[in-house]
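Undergrad: Just passing along the structure, written as structure tokens.
The values are calculated or read from the model by the stated rules, or taken from the named source; none is laboratory data. Only a predicted model underlies this, so the values are computations on that prediction, with no experimental measurement involved. Every residue, glycine among them, receives a Cβ derived from its backbone with ideal geometry; neighbour counts consider all protein chains shown.
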Amino acid sequence: MRKFLKVAIAVVLLIAIIVMSMPYIMKTLYPLKYREYIDEYSAKYNLDPYLVMGVISAESRFSESAVSQKSAKGLMQLKDDTAYWCAEKYGITGEIYEARVNIEIGCAYLRYLLDLFDQNVENALAAYNAGQGNVRKWLKDDRYSSDGVTLHKIPYKETSEYVERVEKRARIYEKIYGDK
């Protein structure tokens, strides 16, 4: 009986330690850097800051120097042609690897995609990953969209998983860093 009581107390203490450590563990698994830029440019481009955090987390895990196999660069993994087009359209200056610049261009581009796809977050995220031309094509195809507005299936597995990953991470960031 005494041994059982000691084990039970140890288990309760272990559970208490784990529960008390959860915020630290979650913040370690889902780091947040550049909050001031995310908040500033999310507000400027009327975006959910947690969605922006989800994009950055999914794209680069908050690494300023990240480069993809397809040569996308920085925190929000911007391709040169998209970054130059967007910077010119929105009057953004600076280097693509600068956190402030990369986040502003990424936010401007995400706003553009949301406007292009009637504020449909899934379509905008799919376009961020696979290109707006692909999303337009999929919306016209009965296999992927029954109404021409909403994708009920994304044919690229990578893009489908990307959309789910960003949305999941956005919810996690809101839960961890959101105002309670």
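Undergrad: Identify, from the list A99, A108, the residue that is more than 21 Å from V121 (Cβ to Cβ), surrounded by 15 or more Cβ atoms within 10 Å (Cβ to Cβ) and touching a residue at least 40 places away in the same chain (Cβ under 8 Å).
TA: Exactly one of A99, A108 is more than 21 Å from V121 (Cβ to Cβ), surrounded by 15 or more Cβ atoms within 10 Å (Cβ to Cβ) and touching a residue at least 40 places away in the same chain (Cβ under 8 Å), namely A99.
Undergrad: Sticking with this one: If we scan the stretch 125-134, do we find a residue that is surrounded by fewer than 19 Cβ atoms within 10 Å (Cβ to Cβ) and either of a type in the set (D, E) or closer than 30 Å to T28 by Cα (or both)?
TA: No, that holds for no residue.
Undergrad: So how many residues does the stretch 70-109 have that are at positive phi and in a helix (DSSP H, G or I)?
TA: Within the stretch 70-109, the subset at positive phi is 71, 74, 77, 91, 94.
The next check asks that each one be in a helix (DSSP H, G or I); those that pass are none.
The total comes to 0.
Okay, residues lined up against (1) out of contact with any helix residue (DSSP H, G or I) (no Cβ under 7 Å at 6 or more places or on another chain); (2) in the same structural domain as Y156 (by TED's automatic domain parsing); (3) farther than 27 Å from Y156 by Cα; (4) not basic (K, R):
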| site | (1), (2), (3), (4) |
| --- | --- |
| Y37 | no, yes, yes, yes |
| E40 | yes, yes, yes, yes |
| L47 | no, yes, no, yes |
| G54 | no, yes, no, yes |
| I103 | no, yes, no, yes |
| F117 | no, yes, no, yes |
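Undergrad: Residue pairs, Cβ under 6 Å, 6 or more apart or interchain, first in the stretch 19-43 and within 14 Å of R61 (Cβ to Cβ), second modelled with pLDDT of 85 or more and small (G, A, S). List them.
TA: The qualifying pairs are Y34/A99.
Undergrad: Quick check on my filter: what residues within the stretch 53-69 are part of a loop (DSSP other than H, G, I, E, B) and among the polar types (S, T, N, Q)?
TA: S63, S65, S68, Q69
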